[in-house]
Amino acid sequence: MNSEKPARCRATVARTTSSSHPWAIARSPARGLAPGPLGCHIGRVTPPSLDRALRHRVYSALARGAPAPDASSLAAALGVAVAEVREGLERLHSAHALVLDAVTREVRMALPFSNVPTSYRVESQGRSWSANCAWDSLALVRLLGLREARILDEGGPARERRVLTVVDGNLVERDGVISSPRPAWQWWDDIVFT
């Protein structure tokens, strides 16, 4: 397979000089928008490179403990139309890479992160993250590499409030059970409820 790109593509792909991730979309003075190192299409961002950039920006914000950016903010940051961002978010939703709110179509979940407050929260070093369920709370601790953390379950109709502690990267309290109201093969039927 020939890895060399045609001369017309090399001229239109610009490297970003900011501290952004390599998936960020770069602006080419010659042709307007062009994808970064992931593809080469004159003047147009390809869906795979846009989807990667969207996913990266959403996960990066949530990992910092900030809310996921909305479609307008993503469009402005990436230099593309809001309609393109919405199409990309829908593709990511269909691929189960993100979960969009049923009404607003903005990011609700980027598993294991929740973009809305829930009964499950992880706290560490003055920051906090919402999780979608008890299982996702444990996943957040590992994903973020937290050595010290508190995992809070605010409780609900069938469960008591509970606080778990992570010390030196290990879960201190090891008793208890995490249960799911439906089998795993049905989770995506209604992932928000599950």
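Just a few scattered comments:
- Unmet requirement for Arg142, which otherwise passes all of (1) surrounded by 14 or more Cβ atoms within 10 Å (Cβ to Cβ); (2) free of Cβ contacts under 8 Å to residues at least 12 places away in the same chain: (1)
- Taken residue by residue, the range 121-134 has at least one member that is surrounded by 16 or more Cβ atoms within 10 Å (Cβ to Cβ), hydrophobic (A, V, I, L, M, F, W, C), assigned to a helix (DSSP H, G or I) and over 17 Å from the mean Cα position of the chain (by Cα).
- Looking across the range 87-120, the residues that are out of contact with any strand residue (DSSP E or B) (no Cβ under 9 Å at 6 or more places or on another chain) and either farther than 24 Å from Leu50 by Cβ or part of a loop (DSSP other than H, G, I, E, B) (or both) come down to Ala95, His96, Val103, Thr104, Arg105.
- Given (1) at pLDDT 95 or above; (2) outside any strand (DSSP E or B); (3) surrounded by fewer than 21 Cβ atoms within 10 Å (Cβ to Cβ); (4) touching a Ser or Thr at 6+ places or on another chain (Cβ under 9 Å), number of the condition Glu84 does not satisfy: (4)
Residues checked against (1) β-branched (Val, Ile, Thr); (2) in the same structural domain as Ala63 (by TED's automatic domain parsing):
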position	(1), (2)
Leu100	no, yes
Leu138	no, no
Glu148	no, no
Pro157	no, no
Glu160	no, no
Val172	yes, no
Gly176	no, no
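- Breaking point among (1) surrounded by fewer than 17 Cβ atoms within 10 Å (Cβ to Cβ); (2) modelled with pLDDT of 95 or more; (3) under 26 Å from Asp153 (Cβ atoms), for His56: (3)
- Residue match in the range 96-104 (condition: more than 17 Å from Tyr59 (Cα to Cα) and at pLDDT 95 or above): yes
- Single residue of the range 108-120 satisfying the filter (under 15 Å from Asp70 (Cα atoms) and touching a Ser or Thr at 6+ places or on another chain (Cβ under 8 Å)) that is surrounded by the most Cβ atoms within 10 Å (Cβ to Cβ): Ser114
- Residues in the range 145-175 that are in a loop (DSSP other than H, G, I, E, B) and surrounded by 12 or more Cβ atoms within 10 Å (Cβ to Cβ) were compared, and the one that is nearest to the chain's Cα centre (by Cα) is Leu146.
- Residues satisfying the stated conditions in the range 117-129, i.e. without any contact (Cβ under 8 Å) to a residue 24 or more places away in the chain and touching a Leu at 6+ places or on another chain (Cβ under 9 Å): Gln125
The values are calculated or read from the model by the stated rules, or taken from the named source; none is laboratory data. Just so we're clear, the structure is a prediction, and the values are computed from it rather than from any experiment. Note that each Cβ is placed from the backbone with ideal geometry, even for glycine, and that neighbours are counted across all protein chains shown.
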